[in-house]
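Encoded as structure tokens, the structure appears first; notes follow it.
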Amino acid sequence: MFDAEPLDVVAIGAGFAGLYMVYRLREQGFSVHGFERGDGVGGTWYWNRYPGARCDSEIMFYSFSFLPELEQEWPLTERYPGQPDILRYLEEVASRLDLRKDFTFGAEVTAIEFDEAADRWTLRTAQGHLATARYVVTAVGCLSAANQPGFPGADAFQGLSLHTGNWPREPVDFTGKRVAVIGTGASGIQAIPVIAGQAAHLTVFQRTAQFTIPAENGPLDEQFVALWKRNYPEWRRRARHSAAGFPYTPSITSALEVSEAERRAAFEAAWGAGGFTFLSGTFRDLALDEEANKTAADFVRAKIAEIVHDPDVADMLKPRDFPIGTKRLPLDTNYYETFNRQNVSLVDLRRTPVEEITPAGIRTTAGHHDLDVIVYATGFDALTGPLEALGIRGRGGQALRDAWREGPQTYLGVAVPGFPNLFTITGPGSPSVLSNMPVSIEQHVEWIGDCLAWLRGHGGEVIEATGQAAAGWTDHVQQVASVTLHPKAATWYMGANIPGKPRVFLPYIGGVSNYRDHCAAVAANGYGGFAVFPAPAPRPVGKGDDGTRPGDGRAA
Ligand code: NAP
């Protein structure tokens, strides 16, 4: 139970990040409490319960590495874990570590204000909780602020309106229903085949056609699982020192230095194997070179033409206006095949935009669609949205929303100048959504835990990223992105899905391993780029007072 005593640390969110952060700090002897708007643990996997919701990271490495016993005991049944499996996993973590007692659930944080006289944060929730703490750690996820398009008339719809990112706890039965799905990103692409299997009729409203690769999900072989579990420490090590948090070896071959037949064979093999290695495991330059990228895009467009029977529908489904991989590549199970079903139709919103939502359905410029259910698979105000929604005010009462009017300014994606003692797990400017999330979350949590231990050991109470360090890092984030094809596409990585949002590349694409080294170097250098008050006395670089060295400590 939360008893309103002043705390060392408040954490917000009870997904992978919040659970580990609270555990880690509790073990380090800090007084810490978490607030979570959901009624239980799970974060992303609490809210995204839509049909077909499943993780695109394979189950072997979509878990914590700091719980070796659970790692061995947890059943690895399917290649990709479904939403219920991941939620069960996080519930098990919370039980084993006895974490629920350190959280208040059903508590939506609406204001976090820094008191400059006391050097403390005050936090308020919509439900009336009040807390004060020296430090605040946000663990609110990157994709937790749902994007609800403002179609005229939406509130008047008499049927059921649902958003994939805010799905009800009870399963929704689509049997006999006329259903619309608006949006064909990773969420829509997972939900559409499953809803099509239940609904009387499904109409997919597509604004931008998406490339998607078969997931090739299925049961895992027992021998494979046993071998994997025996070698877990090595797989984890490889994941930490990889580009994207996956323990696979990227290709070193250019798509342009092999013959047409070799290229096709590589794509065909990756398509058959399923998964993200279609991009990273085939050729090294698909994300960097337009000509190389086009070879992969042409391959997928040809697959769409092969799979989809109606040539007009196939044509509408072919993505043409962005390089493959610049929008997050979804993995699917029978997505393109679903458009061969008699009960599925496709509406191209570029040709016939939505005019309004009516009480009975959706009216486009081509006519009215009678509906019982509208599923908004319209994505999220990514990375900055969940943080700005917390009502954070730093020095001088400045709102984070105002500080980031031109785009987020962060140091390492974990700290913001003008907002002392605030840490943002997987914040903008960190690898976050471009990586296997648990790997990046563990790195941030451990780095923050080490930082707070170092401060305590050095008598520091306030730590704040300098404006200069944040400006330098933010420039670096943009420069690295500019080497890739990403800025050529209007994506949520660029803030392009939210009207009025500044167009900057939000995550850090320099790689998980490089990023980890960078953060470790900052810590080893006495937290260079941060101002610390009271300033620690100069001391030789080495062991901290609590016996840990900044940057290399791990829990259990
Ligand atoms: P998304 O990728 O942003 O896709 C949203 C879709 O809605 C897009 O097709 C978008 O069209 C459309 N849309 C948005 N506003 C619209 C409007 N006003 N009118 C018509 N269409 C509109 O969102 P998401 O599918 O929820 O996925 C977001 C991210 O979550 C993914 O990229 C991924 O990182 C993560 N995710 C992961 C998994 C997984 O691991 N399995 C599953 C789901 C999601 P435009 O393209 O034209 O904007």
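Near the amide H of THR358, under 5 Å away, which other amide H atoms are found, from residues 5 or more places off or on another chain, if H is placed in the peptide plane?
Under 5 Å from the amide H of THR358 lie the amide H atoms of ARG363, each far enough along the sequence or on another chain.
Can you list residues whose amide H is under 5 Å from SER345's amide H, if they're 5+ apart or on another chain and H is modeled 1.01 Å from N?
LEU202, THR203, VAL204
For the stretch 105-146, what does the alpha-carbon gyration tensor say about shape, rounded, prolate or oblate, given a ≥ b ≥ c as the root eigenvalues, a/c under 1.5 as rounded, and a/b over b/c as prolate?
Taking the square roots of the gyration eigenvalues as a ≥ b ≥ c, the stretch 105-146 is oblate.
Roughly how many whole Å is it from the C-alpha centroid of the stretch 2-35 to that of the stretch 143-180?
Value for the Cα centre distance between the two parts: 33 Å.
Order 319-327, 41-49 from most to least packed using the mean count of other Cβ atoms within 10 Å.
Packing order, densest peptide first, comes out as 41-49, 319-327.
Could you check the spin-label model distance between ASP98 and ASN514? Points 7 Å from the Cα along Cα→Cβ, value in nm.
4.4
Could you give me the ³J(HN,Hα) list for the stretch 443-450, computed from phi with Karplus coefficients 6.51, -1.76, 1.60 and θ = phi - 60°, whole Hz, x at Gly and Pro?
Karplus-based 3J(HN,Hα) across the stretch 443-450 equals 4, 5, 4, 5, 5, 5, x, 5 Hz.
So what is the calculated 222 nm ellipticity per residue for the chain, using -39500 (n - 2.57) for each DSSP H run with n of 4 or more, over all residues, to the nearest 500 deg cm²/dmol?
-9000 deg cm²/dmol
Using DSSP to call loops (not H, G, I, E or B), can you name the trypsin sites (Lys or Arg not before Pro) in the stretch 453-532 whose Cβ has at most 13 other Cβ atoms within 10 angstrom?
Answer by residue number: ARG503.
Work out, step by step, the length gained on full extension between ARG395 and SER345: first 0.36 nm times the residue separation, then minus their alpha carbon distance; give nm to one decimal.
Full extension from ARG395 to SER345 adds 12.7 nm.
With contacts defined as alpha carbon pairs under 8 Å and 6 or more residues apart, what's the relative contact order of the chain in percent?
Across the chain, relative contact order equals 18 percent.
Between ASN231 and GLU268, what is the FRET efficiency for a Förster distance of 25 Å, r being their Cβ-Cβ separation, to the nearest 0.05?
Given R0 = 25 Å and the Cβ-Cβ separation, E is 0.30.
Whole-Hz ³J(HN,Hα) for each residue in the stretch 234-243, computed from phi via Karplus 6.51 cos²θ - 1.76 cosθ + 1.60 with θ = phi - 60°, x for glycine and proline: what do you get?
Result, rounded to whole Hz: 6, 4, 5, 4, 4, 4, 5, 10, 10, 6.
Explain nothing, just compute: Karplus ³J(HN,Hα) = 6.51 cos²θ - 1.76 cosθ + 1.60, θ = phi - 60°, for every residue of the stretch 297-311 in order, whole Hz, x for Gly and Pro.
Couplings: 5, 4, 4, 5, 4, 5, 4, 4, 5, 5, 7, 8, 5, 7, x Hz.
Just to confirm my numbers, what's the Cα centroid distance between the stretch 332-378 and the stretch 502-524 in Å?
40
Pick out, in residue order, every one of the trypsin sites (Lys or Arg not before Pro) in the stretch 119-221 that is DSSP loop and has at most 12 other C-beta atoms within 10 Å; say none if there are none.
For trypsin sites (Lys or Arg not before Pro) across the stretch 119-221 that sit outside H, G, I, E and B with at most 12 neighbouring Cβ atoms in 10 Å, the list reads ARG169.
Take the Cα of GLU5, step 7 Å along the line toward its Cβ, and report every residue of the stretch 95-121 whose backbone nitrogen sits under 18 Å from that point.
From the stretch 95-121, the list is 99-104, 121.
List the residues whose amide H sits under 5 Å from the amide H of ALA107, counting only those 5 or more places along or on another chain, with H placed 1.01 Å from N in the peptide plane.
It is GLU36, ARG37, GLY38, by chain and number.
Label points 7 Å out from Cα along the Cβ direction at ALA305 and GLU216: separation in nm?
That separation, rounded to one decimal, is 2.4 nm.
Calculate, in nm to one decimal, what HIS241 and HIS476 gain on full extension: separation in residues at 0.36 nm each, minus their alpha carbon distance.
Result for the pair: 82.6 nm of gain on full extension.
Would you mind getting me the FRET efficiency between LEU130 and PHE533? Use the beta-carbon distance for r and R0 = 25 Å, nearest 0.05.
0.45
Reachable lysines from LYS294, Cα under 25 Å, same-chain residues fewer than 8 places away excluded?
Candidates past the 8-residue exclusion: LYS303, LYS318, LYS327, LYS488.
Can you compute the modelled spin-label distance between ASP115 and GLN148, with each label point 7 Å from Cα toward Cβ, in nm?
3.4
Can you order the peptides 275-281, 185-191 by their average number of other Cβ atoms within 10 Å per residue, highest first?
The peptides rank, most packed first, as 185-191, 275-281.
Can you tally the net charge around GLN223? Count Lys and Arg as +1, Asp and Glu as -1, for every other residue whose Cβ sits under 15 Å from the Cβ of GLN223.
Computed value for this residue: +1.
Using Cα positions and a limit of under 16 Å, work out the lysines in reach of LYS501, with same-chain residues fewer than 8 apart set aside.
Candidates past the 8-residue exclusion: nothing left.
Quote the FRET efficiency, to the nearest 0.05, computed for ALA490 versus GLN223 with a Förster distance R0 of 51 Å and r equal to the Cβ-Cβ distance.
0.65
Since every read-out is calculated from the coordinates, none of them should be taken as a lab result. This one's a predicted model, so the numbers in the text were calculated from it and none came from an experiment. Virtual Cβ from ideal backbone geometry, glycine too; neighbours counted across all protein chains shown.
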